[in-house]
1. Could you give the length gained on full extension between L15 and N187, defined as 0.36 nm per residue of separation minus the Cα-Cα distance, in nm?
2. From the cross-link list K77/K192; K122/K192; K87/K193; K48/K87; K109/K131; K87/K162, which pairs have alpha carbons spaced over 22 Å apart?
3. Can you tell me which aspartates and glutamates have their Cα less than 19 Å from the Cα of K64? Leave out same-chain residues fewer than eight positions away.
4. Find the all-direction average of the projected area of the Cα convex hull for segment 61-138, expressing the result in square nanometres with one decimal place.
5. Determine, at each q value in 0.21, 0.23, 0.28, 0.29 (inverse angstroms), the log₁₀ of I(q)/I(0) that the Debye formula gives when each Cα of segment 45-104 is one equal point scatterer.
Amino acid sequence: MGHMIIITLSTWQTLISGMLALLAAYLTIRTMNKNHHDLLERKRLAFKGNLHLIATQLCSIYEKHYIEIENALIDEKSAVNISFPEKEIQSLLQGIEFLDNSSAQYIDKFIELNQVFYARLKRNQALGYEKVIDLLELYALVENFFDYSRGETSSLIYQRIKNAKLHSTFRVLEGVQRPLGTARHLNDAYIKKVADTINQLRPT
């Protein structure tokens, strides 16, 4: 009888030890996962905070490029020399991994549109009014970064910029402060041509 009790206790001891080992492993993995999740969340919040600065810098860059393209079109030049915003795009690329899928896809599409826009300009393709529309779209997409960085939207969702938004973005860029000596930008023919191109490329 005593021998049977010892065997039973030994069996249960082995089983209990195994269960405790499994519990310890589970708790360790759970803690590691939580720490990893917390780290990603801190990095995501840090990126969202930095996104406001990136968006501000991109808007400033686009405003300068818009004025250069505008002046080139008014002067009937065939090309314009502007630089790709490499630093800002690189900062966006570094933050994609910390975002939800929808926001990551939005930024990925935004980067793709940037690359296409600047690559076409670099190849000295004929400078037409459609380039203005492309730049208006980039500017409008950046504006959504501000709402996301402030937490006013939980996620970025890509949708092609529509007619009304392009027109309102055009008015914003037309109101940008010009350097001295360039007040002639209020060119009725240019403004009408841009508006007509928006309606042609993005009908209401």
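Read the figures in this text as sums done on the coordinates, not as results from a lab. Since this is a predicted model, take the numbers as computed values, not measurements.
1. Values: separation 172, 0.36 × 172 = 61.92 nm, distance 8.58 nm.
Residue separation times 0.36 nm, minus the Cα-Cα distance, leaves 53.3 nm.
2. Numbers: K77/K192 18 Å; K122/K192 27 Å; K87/K193 33 Å; K48/K87 17 Å; K109/K131 18 Å; K87/K162 28 Å.
Cα-Cα > 22 Å for K122/K192; K87/K193; K87/K162; rest within.
3. Partners within reach: D75, E76, E86, E88, E130, D134, E137, E143, E174.
4. Values: hull surface 20.3 nm².
The Cα convex hull of segment 61-138, projected and averaged over all directions, gives 5.1 nm².
5. Per q value, in the given order, log10 I(q)/I(0) is -0.82, -0.90, -1.13, -1.18.
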